[in-house]
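Before any comments, here is the structure.
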């Protein structure tokens, strides 16, 4: 307090406070000389204090007063062992890995908002290979619109640094924020040019600030628009499907819905995803109360696509070509509705492709012609296809549509219908529908590698008062009706069996027992019919849907918070698209998609040396070699393509370049391979 009154806040940063001290009871002139010699030799503060037998605070006070000077930072690359010792010694001060103490103190006092990104020479940095995905992440919009759309954060870390950390975590398969507890914070910090990454609780708080309100939703919407504008050919055919995120907790009573992959009705939220033909995601719409695919398409997906899809035909083009469509929507049988098909075509000229729910009788085998199809991944397959015009629906919803059938090897016919009248090639229509499995593969890959189903945060949110939900009373009556109907059907089957097989009258006991059983069964059937009639009448009088505010207090349910989940899922989408982009570069070298993703997963977890060269404005990333020379040759080609991009690391002027740690093996000389010595 005396210091603050006399010198103000600047007095804490002057380097010397009050009268300069020349000695002390413990840090005598001899001890100071010995301590300075040990510091110059490279020993850490804690090691010097232990060697001299003094407290670390005593040594730190001598450094603060200017009686000792810290060793100037070395320009040589530090090893992992040296960094581990340095990070551990810093734990006695501000925390493990907090080696930039001055900047952290200034940020804590509000004098610094966001520390600068600064790389240090380091060897054997874990997960260093993930820096190879930097260019793909930036090209997919990881940092686009961050300052304008996402929430503001204060303190040591910037929004760009946190988003880079989250993207690197996703690519390295660190699936949750809590898993950071098992990783060395100082080593991960070297990947983003900091001394360490934030602690788990700090990172959670920063994510809440970034996703405050609808910030994460707006950022995701802008990225989706940019992705569509950047690849106009991919948005001609869009795939829509729902994915149930199962909730296993006990704090919420979310509505139950059918989970196809587990064949059970479980509690959870349904996310409706929109992907392109190769499985890359554009956006998703979260529905804690699932209204069904048709309603989501009509009220949420189609209005958004009409605004975002680029390159849509003009009105005069529609008038010139009555078969021209705006774009195509592909979905499964859940979206089958002749009324919806007619509405989409007449009101918006949107073509739909789905399976026929009621195909009718099989077509003659002579109509099927073998056709070669090219799927979205470039694979060519042969199918036997046939085409007819079909009247789908009845009454005012009836509509003529194109029906295409595929004849399987077993003779089974798969029917699909479409309003894409302008696609004259049957193979093109069939290829679009059968490529729908790319979206199913996307769901499986995202669950396994990017953990889109894991809970992102605890807590709860209430629904809007106007949210329409199913009436619990109606649901119970509906269950009772189905149960009574099933029981009645079974009892009638037993009664019919008794009636068809009467017992002979010449055996009085058996005949009497048969009549008593039949009479009891008839009485039970009569009672079931009466109960079923009353239940149906109650069901008609009970409204099927209610507003959430009309529910009883014991029937009201909440939902998990969506802000942090939306932000993390958006980063995971960017990471998935970045990995797909790198995989396509490997595909140009003849590597299959599955093998390319496996190579990239190993690359992201590989150690690397980080060697900044400020004079040349370059950051050299030297990747450790793999166990297979064939993979090294593929990666060398990838590094060459990445180096041509000359990606600048965000927050610096350093151009990132990639290479292997050691030079390739020497070429054979006169048929003899030269060997390395030592």
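For residue 306 and residue 63, calculate 0.36 nm times their separation in residues minus their Cα-Cα distance, and state this gained length in nm to one decimal.
Working: separation 243, 0.36 × 243 = 87.48 nm, distance 6.49 nm.
That pair, residue 306 and residue 63, stretches by 81.0 nm at full extension.
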Practice task
Let me see the pair-distance distribution of the stretch 472-542: every alpha carbon pair, 5 Å bin width, integer percents in order.
Solution key: 3, 17, 20, 17, 13, 9, 9, 6, 4, 2, 1, 0
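For a footprinting-style exposure proxy, rank 302, 494 by other Cβ within 10 Å, fewest first.
Sorted ascending by nearby Cβ count, the order is 494, 302.
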Fill in the blank from the handout: Most exposed to least, judged by fewest other Cβ atoms within 10 Å, 419, 606, 99 sort to 606, 99, 419
Handout entry: Two-site label geometry, residue 82 and residue 479: point separation in nm, points 7 Å out along Cα→Cβ
Key = 6.7 nm
Exercise for the section: Kindly express, to the nearest 10 degrees and within the range 0 to 90, the angle between helix 159-171's C-alpha long axis and the longest C-alpha principal axis of the chain. Expected result: 60 degrees
Completion exercise
Extension length gain for residue 261 and residue 205 (0.36 nm per residue less Cα distance), in nm, is 16.7 nm
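What whole-number value in cubic angstrom gives the convex hull volume per residue for the C-alpha atoms of the chain?
Numbers: hull volume 218.3 nm³, N = 678.
Per residue, the Cα convex hull of the chain comes to 322 Å³.
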Problem - Percent RCO, i.e. relative contact order, over the chain, from Cα pairs under 8 Å lying at least 6 residues apart - result: 15 percent
Handout entry: Ascending count of other beta-carbon atoms within 10 Å, so fewest first, for 617, 342
Key = 617, 342
Fill in the blank from the handout: Placing each pseudo-label 7 Å from Cα in the direction of the beta carbon, residue 602 and residue 628 end up separated by a distance in nanometres of 0.5 nm
Practice task
Using Cα centres only, tell me the gap between the stretch 109-143 and the stretch 373-405 in whole Å.
Solution key: 49 Å
Exercise for the section: Calculate, axis by axis, the spread of Cα positions in the stretch 464-617 along the three principal axes, and write the results as whole Å, longest axis first. Expected result: 111, 47, 24
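What value, in deg cm²/dmol to 500, does the helix sum -39500 (n - 2.57) over DSSP H runs of n ≥ 4 give at 222 nm once divided by the residues of the chain? All intermediate terms of the calculation are to be shown ahead of the outcome.
Working: 23 runs with 274 residues, N = 678.
Here the helix-only value at 222 nm equals -12500 deg cm²/dmol.
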Problem - √(5λ) per eigenvalue of the Cα gyration tensor, the stretch 176-276, largest first, Å - result: 31, 25, 14
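Let's test the formula: R0 of 60 Å, r as the Cβ-Cβ distance of residue 390 and residue 592. What FRET efficiency results, to the nearest 0.05?
The calculated FRET efficiency here is 0.95.
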Completion exercise
Hits in the stretch 366-401: amide N under 18 Å from the 7 Å Cα→Cβ extension of residue 410, namely 384
Fill in the blank from the handout: With label points set 7 Å from each Cα along the Cα-to-Cβ direction at residue 501 and residue 379, the distance between them in nm comes to 5.1 nm
Handout entry: For the stretch 502-547, average projected area of the Cα convex hull in nm²
Key = 4.1 nm²
Practice task
Calculate the length of the line joining the C-alpha centroid of the stretch 446-478 to that of the stretch 239-301, in whole Å.
Solution key: 10 Å
Handout entry: At R0 = 30 Å, FRET efficiency that the Cβ-Cβ distance of residue 536 and residue 294 yields, to 0.05
Key = 0.70
Problem - Rounded Å value of the spacing that divides the Cα centres of the stretch 310-365 and the stretch 561-636 - result: 39 Å
Completion exercise
The whole-number value in µm²/s of the Stokes-Einstein translational diffusion coefficient for the stretch 332-435, with Rh from the Kirkwood sum over alpha carbon pairs at 20 °C and 1.002 mPa s, is 151 µm²/s
Fill in the blank from the handout: Residues of the stretch 490-507 with backbone N under 14 Å of the label point set 7 Å from the Cα of residue 518 along Cα→Cβ are 494-507
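Where a number appears in this text, it was derived from the coordinates with a stated rule and is not lab data. Everything numeric here is computed off the predicted structure, so don't read it as measured data. Positions of Cβ are generated from backbone atoms using ideal geometry, with glycine treated the same way; all protein chains shown enter the neighbour counts.
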